[in-house]
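A short write-up of the structure that comes next.
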Amino acid sequence: MKKLLLLSLFYTGAAFAHPHAFIEMQTKALVEQNQLVGFSMKWMLDEASSSAVLYDMRQARGEAEKQKLIDEVMNNVVNEHYFSYFFDKNNNKIKYKKQVKNYGVSKEGAKVQYYFDFLLAQPKQLENNEFTLMTYDRTYYVSMYYPEDKSAVDFSGLPANCKGYIEAPNVNEKTRSYAASLDKTQKDEDDSLGVMFAQKVKIQCE
């Protein structure tokens with residue numbers, strides 16, 4: 001049986017311009033005792049990608065085999081560091097734990113949604129700090145994005161001395177045209193295309 005893992009969306013596609021697939025994201029900041037401990041994420045696949053995943057799920061023989069498919073997906077996502085890059089106010093990269101929590105798959109209409117929590121290797125004090133989270137495919141083969149809906153990122157767990165917002169990328173027309181010119185066999189050689197289109201989740205605390 002073919003196993004279409006979520007990770008394969010970053011390397012296969014049928015479109016003729018970057019991006020080839022789309023993942024709509026939701027994120028929630030996880031806070032305990034005024035410390036940032038991690039993030040809860042939901043990734044909604046586009047209908048074409050969802051259809052392929054649902055097909056594989058239907059081919060699975062029983063719940064145990066379905067769970068094995070989900071486990072493989074999440075193991076691959078963990079090995080890619082959740083496709084997420086997290087920095088403090090001094091631009092120091094913050095590491096995560098390898099143990100993913102509360103993960104699974106749900107079906108939302110014709111679409112598949114993966115959900116999971118990932119925790120920081122060490123909790124971070126929020127007071128007098130600033131953080132930036134970016135989640136993206138480095139080659140922009142898959143567009144990972146937050147919708148314009150203000151509920152896309154949940155900052156409700158932050159204390160009163162903090163604020164959060166999404167910062168949109170500033171992509172010039174030349175870069176957009178370059179991305180649109182790439183077919184499914186091409187990738188950005190220096191893996192720098194994805195970051196140019198990445199939205200930034202910003203957390204600022206006094």
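The values are calculated or read from the model by the stated rules, or taken from the named source; none is laboratory data. What you are looking at is a predicted structure, and each value in this text was computed from that prediction instead of being measured. Positions of Cβ are generated from backbone atoms using ideal geometry, with glycine treated the same way; all protein chains shown enter the neighbour counts.
Listed residues Lys68, Lys93, Lys98, Lys89; which is within 16 Å of the chain's Cα centre (by Cα) and exposed (fewer than 14 other Cβ atoms within 10 Å of the Cβ)?
Lys98
Among the residues in segment 110-118, are any surrounded by fewer than 17 Cβ atoms within 10 Å (Cβ to Cβ), more than 21 Å from Met144 (Cα to Cα) and at pLDDT below 95?
No, there is no match, as no residue in segment 110-118 is surrounded by fewer than 17 Cβ atoms within 10 Å (Cβ to Cβ), more than 21 Å from Met144 (Cα to Cα) and at pLDDT below 95.
So that you can scan it fast, the table gives a plain yes or no per residue for (1) in a strand (DSSP E or B); (2) farther than 19 Å from Val201 by Cβ:
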| residue | (1), (2) |
| --- | --- |
| Asn90 | no, no |
| Tyr103 | yes, yes |
| Tyr114 | yes, no |
| Leu120 | yes, no |
| Lys124 | yes, no |
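So, of the residues in segment 139-172 that are surrounded by 19 or more Cβ atoms within 10 Å (Cβ to Cβ) and not hydroxyl-bearing (Ser, Thr, Tyr), which turns out to be nearest to Asp191 (Cα to Cα)?
Filtering segment 139-172 for residues that are surrounded by 19 or more Cβ atoms within 10 Å (Cβ to Cβ) and not hydroxyl-bearing (Ser, Thr, Tyr), the one nearest to Asp191 (Cα to Cα) comes out as Val142.
Does Arg176 satisfy the condition of being charged (D, E, K, R), surrounded by 14 or more Cβ atoms within 10 Å (Cβ to Cβ) and either touching a helix residue (DSSP H, G or I) at 6+ places or on another chain (Cβ under 8 Å) or modelled with pLDDT under 85 (or both)?
Judged against the criteria, Arg176 is not a match.
Considering only residues that are outside any strand (DSSP E or B) and out of contact with any helix residue (DSSP H, G or I) (no Cβ under 8 Å at 6 or more places or on another chain), which ones fall in segment 37-59?
Passing the criteria: Asp46, Glu47, Ala48, Ser50, Ser51, Ala52, Leu54, Tyr55, Arg58, Gln59.
Checking the structure you have, find out if any residue of segment 122-129 is crowded, with 18+ Cβ neighbours inside 10 Å, of a type in the set (A, V, I, L, M, F, W, C) and more than 20 Å from Ile23 (Cα to Cα).
Yes.
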